[in-house]
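Visitor: Let me give you the structure first, and then I'll get to my questions.
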Amino acid sequence: MTPQSLYPSRTGLSPYLRFGCLSARRFFKELNDLYKKIRKSPPPLSLHGQLLWREFYYTAATNNPKFDHMEGNPICVQIPWDRNPEALAKWANGQTGYPWVDAIMTQLRKEGWIHNVARHAVACFLTRGDLWVSWEEGMKVFDELLLDADWSVNAGSWMWLSCSSFFQQFFHCYCPVRYGRKADPNGDYIRTYLPVLKNFPTKYIHEPWTAPESVQRAARCVIGRDYPMPMVDHIKQSQNNIERMKQVYQQLAHYRGKIHPAIKSPTMDHYPSPPPDFEKKRSNRSSKNTSDIHRDSSYRVQVQA
């Protein structure tokens, strides 16, 4: 992915597939025929992979009317999410205090589209990464705002990103600062959708609260007044949420062991263990990224453990 990928493309086909203007079968056939003719090989998985995901979620949702709910959904892990309307509203309106997240949500509201990686980042932030708000709430926002909103794809993707189904590697989280820098190294995307931050030096554009007061005043944007402080401390909150996820999966493994003593499931009887150096790397990132976070109660939402 390049920074330019974050912007809408004239060749974007997802809304046309969603509303039946373009046949998925025709698209798949034309794509394969074109590559065989020009490249003498099948198209790369990255090119038609999203189409395969679409068909996967369509299949998974078949005969499951509760596919877009947690309760009553047989394939969804029952996670005790917090009810936090204030945090949900700040996320949905692009007021989290994390420029990468806020730029994505602003683009979504303005244009009805965001890149797939951007969807992953904000979904993780709302659920298991930072705010611990139910994936159902995020799904509703996407369903309202996305031009290509598709019932099964939307619900399935949110379950995936929240580790509620299909995926249990809950110790992998998108850092709203570090990943933002990777996707938008010069901050051009942030400046496009958050013009209030456009005068910040690139050094501070992804975490403007770390900029000296003199830099903030020169940029004509004082953090905590013109743009909110981070609503949560990502490092601390993500660590806390990983522990909460561990507890959920431990309880699930224990429950399944009692109900189905003869069945051993490698994915559910044991919650996944992080790599050996995971805690060391996370500790190093914590000391590096959180030392300068200013705390301002008027711009923070405390998510209870």
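Visitor: Considering only residues that are at negative phi and crowded, with 24+ Cβ neighbours inside 10 Å, which ones fall in the range 125-138?
Guide: Step one: of the range 125-138, the residues at negative phi are 125-131, 133-138.
Of everything in the range 125-138, those that are at negative phi and crowded, with 24+ Cβ neighbours inside 10 Å turn out to be F125, L126, T127, R128, G129, D130, L131, W135, G138.
Visitor: While we're looking at this one, here's another question. So which of V153, V141 is assigned to a helix (DSSP H, G or I), among the hydrophobic types (A, V, I, L, M, F, W, C), modelled with pLDDT of 95 or more and within 13 Å of W91 (Cβ to Cβ)? Let's see the steps before the verdict.
Guide: Working: V153 fails: within 13 Å of W91 (Cβ to Cβ).
Just a single option satisfies the conditions, and that option is V141.
Visitor: Within the range 91-107, identify whether any single residue is in contact with a Leu (Cβ under 8 Å, 6 or more places away or on another chain), closer than 30 Å to Q251 by Cβ and of a type in the set (D, E), and answer yes or no.
Guide: No, because not a single residue in the range 91-107 is in contact with a Leu (Cβ under 8 Å, 6 or more places away or on another chain), closer than 30 Å to Q251 by Cβ and of a type in the set (D, E).
Visitor: Exactly one of these conditions fails for W151: (1) surrounded by fewer than 17 Cβ atoms within 10 Å (Cβ to Cβ); (2) in contact (Cβ under 8 Å) with a residue 12 or more places away in the chain; (3) more than 26 Å from W81 (Cα to Cα). Give me its number.
Guide: (3)
Visitor: Also, quick follow-up: Going through the range 208-238 one residue at a time, which ones are surrounded by fewer than 13 Cβ atoms within 10 Å (Cβ to Cβ) and in a loop (DSSP other than H, G, I, E, B)? Step through it out loud before you land on a result.
Guide: Of the range 208-238, the ones surrounded by fewer than 13 Cβ atoms within 10 Å (Cβ to Cβ) are 212-214, 217, 220, 225.
Matches in the range 208-238: P212, R220, R225.
Visitor: State the number of residues belonging to the range 154-194 that are of a type in the set (D, E, K, R) and in contact (Cβ under 8 Å) with a residue 24 or more places away in the chain. Walk me through it before giving the result.
Guide: So in the range 154-194, the residues of a type in the set (D, E, K, R) come out as 178, 181-182, 184, 188, 191.
Pick out the ones that are also in contact (Cβ under 8 Å) with a residue 24 or more places away in the chain and you get 178, 181, 184, 188.
Counting residues in the range 154-194 that are of a type in the set (D, E, K, R) and in contact (Cβ under 8 Å) with a residue 24 or more places away in the chain gives 4.
Visitor: Can we say F125 is within 22 Å of G187 (Cα to Cα), at pLDDT 95 or above and of a type in the set (F, W, Y)?
Guide: On the way: within 22 Å of G187 (Cα to Cα): yes; at pLDDT 95 or above: yes; of a type in the set (F, W, Y): yes.
Yes, satisfied.
Visitor: Condition first: of a type in the set (D, E) and not in a loop (DSSP other than H, G, I, E, B). Can you find one or more residues in the range 166-188 that meet it? Spell out the reasoning first.
Guide: Just the residues of the range 166-188 that are of a type in the set (D, E), to begin with: 184, 188.
Of the ones still in play, those that are also not in a loop (DSSP other than H, G, I, E, B) are 188.
The answer is yes; a qualifying residue exists.
Visitor: Turning to a different aspect of this structure: Please state which of the following conditions L131 fails to meet, knowing it meets all the rest: (1) over 21 Å from the mean Cα position of the chain (by Cα); (2) not in a helix (DSSP H, G or I).
Guide: L131 satisfies all of (1) over 21 Å from the mean Cα position of the chain (by Cα); (2) not in a helix (DSSP H, G or I) except (1).
Visitor: When you look at L22, is it on the phi < 0 side of the Ramachandran plot and under 24 Å from the mean Cα position of the chain (by Cα), yes or no? Walk me through how you get there before you give the answer.
Guide: Values: on the phi < 0 side of the Ramachandran plot: yes; under 24 Å from the mean Cα position of the chain (by Cα): no.
Spelling it out, it is not the case that L22 is on the phi < 0 side of the Ramachandran plot and under 24 Å from the mean Cα position of the chain (by Cα).
Visitor: Within the range 208-235, which residues are touching a strand residue (DSSP E or B) at 6+ places or on another chain (Cβ under 8 Å) and in contact (Cβ under 8 Å) with a residue 24 or more places away in the chain? I'd like the intermediate steps shown before the answer.
Guide: The first filter runs over the range 208-235 and keeps only residues touching a strand residue (DSSP E or B) at 6+ places or on another chain (Cβ under 8 Å), leaving 208-209, 211, 216, 221, 229.
Of everything in the range 208-235, those that are touching a strand residue (DSSP E or B) at 6+ places or on another chain (Cβ under 8 Å) and in contact (Cβ under 8 Å) with a residue 24 or more places away in the chain turn out to be P208, W209, C221, M229.
Visitor: Going by the conditions given, is R119 of a type in the set (D, E, K, R), surrounded by fewer than 20 Cβ atoms within 10 Å (Cβ to Cβ) and within 20 Å of L6 (Cα to Cα)? Let's see the steps before the verdict.
Guide: Numbers: of a type in the set (D, E, K, R): yes; surrounded by fewer than 20 Cβ atoms within 10 Å (Cβ to Cβ): no; within 20 Å of L6 (Cα to Cα): yes.
No.
Visitor: Do the conditions hold for L31, that is, is it more than 30 Å from I242 (Cα to Cα), among the aliphatic types (A, V, I, L, M) and modelled with pLDDT of 90 or more?
Guide: Details: more than 30 Å from I242 (Cα to Cα): yes; among the aliphatic types (A, V, I, L, M): yes; modelled with pLDDT of 90 or more: no.
Taking the combined requirement at face value, the residue does not satisfy it.
Visitor: Select from the range 23-68 the residues that are free of Cβ contacts under 8 Å to residues at least 60 places away in the same chain, surrounded by 15 or more Cβ atoms within 10 Å (Cβ to Cβ) and not in a helix (DSSP H, G or I) and list them in ascending order.
Guide: Once the filter is applied, which keeps residues that are free of Cβ contacts under 8 Å to residues at least 60 places away in the same chain, surrounded by 15 or more Cβ atoms within 10 Å (Cβ to Cβ) and not in a helix (DSSP H, G or I), the range 23-68 yields P43, N64.
Visitor: I would also like to ask the following. Can you tell me how many residues within the range 206-238 are among the β-branched types (V, I, T) and closer than 22 Å to D188 by Cα? Give the steps one after another, and end with the answer.
Guide: Filtering the range 206-238 down to residues among the β-branched types (V, I, T) leaves 210, 215, 222-223, 232, 235.
Then drop every residue that is not closer than 22 Å to D188 by Cα, which leaves 210, 215, 222-223.
Result for the range 206-238: 4.
Visitor: Taking the range 69-113 on its own, how many of its residues are over 17 Å from the mean Cα position of the chain (by Cα) and either touching a residue at least 40 places away in the same chain (Cβ under 8 Å) or part of a loop (DSSP other than H, G, I, E, B) (or both)? Walk me through how you get there before you give the answer.
Guide: So the first thing to find is which residues in the range 69-113 are over 17 Å from the mean Cα position of the chain (by Cα), and the list is 69-80, 82-86, 110-111.
Next, from what is left, pick out any that are either touching a residue at least 40 places away in the same chain (Cβ under 8 Å) or part of a loop (DSSP other than H, G, I, E, B) (or both): 69-80, 82-84, 86, 110-111.
Total satisfying the criteria: 18.
Visitor: Of the residues that sit in the range 236-255 and are free of Cβ contacts under 8 Å to residues at least 60 places away in the same chain and not basic (K, R), which one is nearest to A87 (Cα to Cα)?
Guide: Of everything passing the filter in the range 236-255, Q239 is nearest to A87 (Cα to Cα).
Visitor: Which count do you get for residues in the range 159-197 that are β-branched (V, I, T) and crowded, with 23+ Cβ neighbours inside 10 Å? Don't jump to the end; show me each part of the working.
Guide: Filtering the range 159-197 down to residues β-branched (V, I, T) leaves 177, 190, 192, 196.
Within this subset, residues satisfying the condition of being crowded, with 23+ Cβ neighbours inside 10 Å are 190.
Final tally of qualifying residues: 1.
The values are calculated or read from the model by the stated rules, or taken from the named source; none is laboratory data. Predicted model, so just to flag it, every value in this text is computed and none were measured. Glycine also receives a Cβ, built like all others from the backbone with ideal geometry; neighbour counts cover every protein chain displayed.
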